[in-house]
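Engineer: Provided herewith is a single structure, encoded as structure tokens, for subsequent inquiry.
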Amino acid sequence: MSNVIIVGGSVIGFGAALALADQGHRVRILERSTDEPPSTVDSAATWHRPTVPQFLQSHAFASLGCNLLRDRARDVYDGLRAAGAGEVNLADYPPPMLGGITRRPEDDDLRMVLSRRSTFELVLRERALARPGVSVRTGATVRGLVASGNRVTGVRLADGETIEADLVVDATGRKTAADTWLADADLPGRDVTSESCKIVYYTRYYRQRSERPPGPLNRGFGAGGLWDHYTAVLFLGDNGTFSISLGVLPEDTQMKGLREEEAFTAAVRATPLLAGWVAPGNSEPISPVYSMGSLDNSLRLPVEGQPLVEGFFPIGDALCTTNPAYGRGVSLGLQEAFLLADLLAEHPEPGETQAREFVARSTRLVRPWFEEAVMNDRGRAGLWEATVNGRQPQRPPAGVVTFGTAVAAASQDEEVWRRVANVMMMLKPPSALYADDEIRARVGKVLSGGPPPQLPGASRADLLAAVSADLVAK
């Protein structure tokens, strides 16, 4: 079995440690932070993670990742439930206009764990470190790779110390410095494809005080919608908590006030679908408003025709990032971690075969989700830009299924709904939704009479009035 270094001690780093340790590998996690990790759910909620900007944002854990934990790390799944995380099945929450669905056995896999990112990471960290052969070293900042030829044999720390390993896993996230590490070590570089998501998020956390949900749960794991100039989604969390995230265009300067708590609340109250959740007596805020921007969909792959780097494996956001709105980052990263563990069982010796197989398998996994994220973000950003600038938005070409048209049709067609749900939860690939002739025909039939009614959001004028009124009052 191999001695493995994992650079980065976040969700994907500990997920990889768990997957590899269960295959008998010895794993050392190198974490740059020197902060003492939390020991309780409440302390985890205020965990300071400056190198993990998405830590404070809303999270939805897709069925792919939840099922992986259920099937391959049951102690983590059960630990989340014991820590107060909820569980839902999306088949129990079909669109109201469908009037119910006929359940199928495969619908049982449409499960989700309802948890804040902080609780999810706390439990995963605890369970990974409980495994034999897993250790973590804090205050260890990696500055480079040690290599012999095209083979990575260890890492170099900021103080000059080198640590040898059979394999090095990069789990440092979307801000990975791996391209610099590779260049400095005279190793083959990577092609980086990147495109802005054209969105900025504002998020606040709450604790529910009402006995029953004070508003509709049209998404099963929460409630929300995507409208012609913004998105607003509520995510149910653990232990009676929930978060609300608002997304707008980065250049929509009139929405910058959302970073202020009063303006954020006014915007939520202006959104009929979510207003009841923040009505007096129904909940209380338990955090300030957190913002996150500068988001890209990105893909980092070896340069075609160049030799492959051996013994070095980027996973999670260090390999591929997608818009956090789609809730796919954790599931993709966990899938890559188990993919790597399975690959090492088949090809235990570091070398060209091992490297080639990892690139082939991980690329097949992530590329379709990257391409779908780029496609959907272009369409959504185009709609928002038209609305904000007072232009008529362009309609998608006839016969082309987009995420928006599929979601609209899903409110009236059970087969379309099931396909949308399975792709959203990563149980089926994007092609099952966008390149399927039956789905294309069904979407066209539903929309032939015009778009179905949509759950209410705020008009552009109402949202501007809500945010600006608060700013004027100041």
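Engineer: Restricting to the stretch 216-254, count the residues that are in contact with a strand residue (DSSP E or B) (Cβ under 7 Å, 6 or more places away or on another chain) and more than 22 Å from V420 (Cβ to Cβ).
Structural biologist: Of the residues in the stretch 216-254, 10 are in contact with a strand residue (DSSP E or B) (Cβ under 7 Å, 6 or more places away or on another chain) and more than 22 Å from V420 (Cβ to Cβ).
Engineer: Conditions: (1) crowded, with 22+ Cβ neighbours inside 10 Å; (2) over 17 Å from R116 (Cα atoms). F235 meets all but one. Number of the miss?
Structural biologist: (2)
Engineer: Regarding the stretch 113-122, can at least one residue be identified that is in contact with a Cys (Cβ under 6 Å, 6 or more places away or on another chain) and crowded, with 20+ Cβ neighbours inside 10 Å?
Structural biologist: yes
Engineer: Considering every residue within the stretch 420-431, establish whether at least one is loosely packed, with under 15 Cβ neighbours inside 10 Å, assigned to a helix (DSSP H, G or I) and outside the structural domain of H25 (by TED's automatic domain parsing).
Structural biologist: Yes: the stretch 420-431 contains one or more residues that are loosely packed, with under 15 Cβ neighbours inside 10 Å, assigned to a helix (DSSP H, G or I) and outside the structural domain of H25 (by TED's automatic domain parsing).
Engineer: Name the strands (runs of 3 or more DSSP E) wholly inside the stretch 255-314 in which the number of residues that are without any contact (Cβ under 8 Å) to a residue 40 or more places away in the chain is 1 or more.
Structural biologist: In the stretch 255-314, no matching strands (runs of 3 or more DSSP E) lie anywhere.
Engineer: Given the conditions (1) part of a helix (DSSP H, G or I); (2) at pLDDT 95 or above; (3) within 28 Å of Y201 (Cβ to Cβ), which single one is not true for A355?
Structural biologist: (3) is the only condition that A355 fails.
Engineer: Could I ask something else about it? Within the set of pairs 6 or more residues apart or between chains, which connect a residue that is closer than 12 Å to S431 by Cα inside the stretch 364-379 to a residue that is part of a helix (DSSP H, G or I) with Cβ atoms less than 7 Å apart?
Structural biologist: Once the first residue is closer than 12 Å to S431 by Cα and sits in the stretch 364-379, its partners that are part of a helix (DSSP H, G or I) give P368/S431; W369/L332.
Engineer: I would also like to ask the following. What is the number of the single condition among (1) among the β-branched types (V, I, T); (2) more than 15 Å from E126 (Cβ to Cβ); (3) over 15 Å from the mean Cα position of the chain (by Cα) that I12 does not meet?
Structural biologist: So I12 meets the others, but not (3).
Engineer: Tell me, yes or no, whether the stretch 132-148 has at least one residue that is modelled with pLDDT under 95, in the same structural domain as E352 (by TED's automatic domain parsing) and outside any strand (DSSP E or B).
Structural biologist: Just the residues of the stretch 132-148 that are modelled with pLDDT under 95, to begin with: 138-139.
Then drop every residue that is not in the same structural domain as E352 (by TED's automatic domain parsing), which leaves 138-139.
Applying the additional criterion that residues be outside any strand (DSSP E or B) yields 139.
Yes, the stretch 132-148 contains a residue that is modelled with pLDDT under 95, in the same structural domain as E352 (by TED's automatic domain parsing) and outside any strand (DSSP E or B).
Engineer: Restricting attention to the stretch 14-35, does a residue exist that is closer than 21 Å to A341 by Cα, assigned to a loop (DSSP other than H, G, I, E, B) and charged (D, E, K, R)?
Structural biologist: The answer is yes; a qualifying residue exists.
Engineer: Sticking with this one: I need the full set of residues from the stretch 269-279 which are touching a strand residue (DSSP E or B) at 6+ places or on another chain (Cβ under 9 Å) and farther than 11 Å from D462 by Cα, in order please.
Structural biologist: Within the stretch 269-279, L273, L274, W277, V278 qualify.
Engineer: Answer yes or no as to whether E385 is assigned to a helix (DSSP H, G or I) and surrounded by fewer than 17 Cβ atoms within 10 Å (Cβ to Cβ).
Structural biologist: On the way: assigned to a helix (DSSP H, G or I): yes; surrounded by fewer than 17 Cβ atoms within 10 Å (Cβ to Cβ): yes.
It is true that E385 is assigned to a helix (DSSP H, G or I) and surrounded by fewer than 17 Cβ atoms within 10 Å (Cβ to Cβ).
Engineer: Which members of the stretch 173-222 meet the condition of being over 22 Å from V113 (Cβ atoms), polar (S, T, N, Q) and part of a loop (DSSP other than H, G, I, E, B)?
Structural biologist: T176, S210
Engineer: Out of everything in the stretch 432-474 that is of a type in the set (K, R) and part of a helix (DSSP H, G or I), what residue ends up being surrounded by the fewest Cβ atoms within 10 Å (Cβ to Cβ)?
Structural biologist: Among them, the one singled out is K445.
Engineer: To continue, here is another question. Out of G215, G257, I need the residue that is within 19 Å of L90 (Cα to Cα) and over 17 Å from the mean Cα position of the chain (by Cα). Which one?
Structural biologist: None of the other options fit; the residue is G215.
Engineer: Of the conditions (1) surrounded by 20 or more Cβ atoms within 10 Å (Cβ to Cβ); (2) among the aliphatic types (A, V, I, L, M); (3) more than 24 Å from F221 (Cβ to Cβ), V136 clears all except one; give me its number.
Structural biologist: Unmet for V136, out of (1) surrounded by 20 or more Cβ atoms within 10 Å (Cβ to Cβ); (2) among the aliphatic types (A, V, I, L, M); (3) more than 24 Å from F221 (Cβ to Cβ): (1).
The values are calculated or read from the model by the stated rules, or taken from the named source; none is laboratory data. Since the structure is predicted, the reported quantities are computational estimates derived from the model, not experimental observations. Quick reminder, even Gly has a Cβ in these numbers, built from the backbone with ideal geometry, and neighbours come from all protein chains shown.
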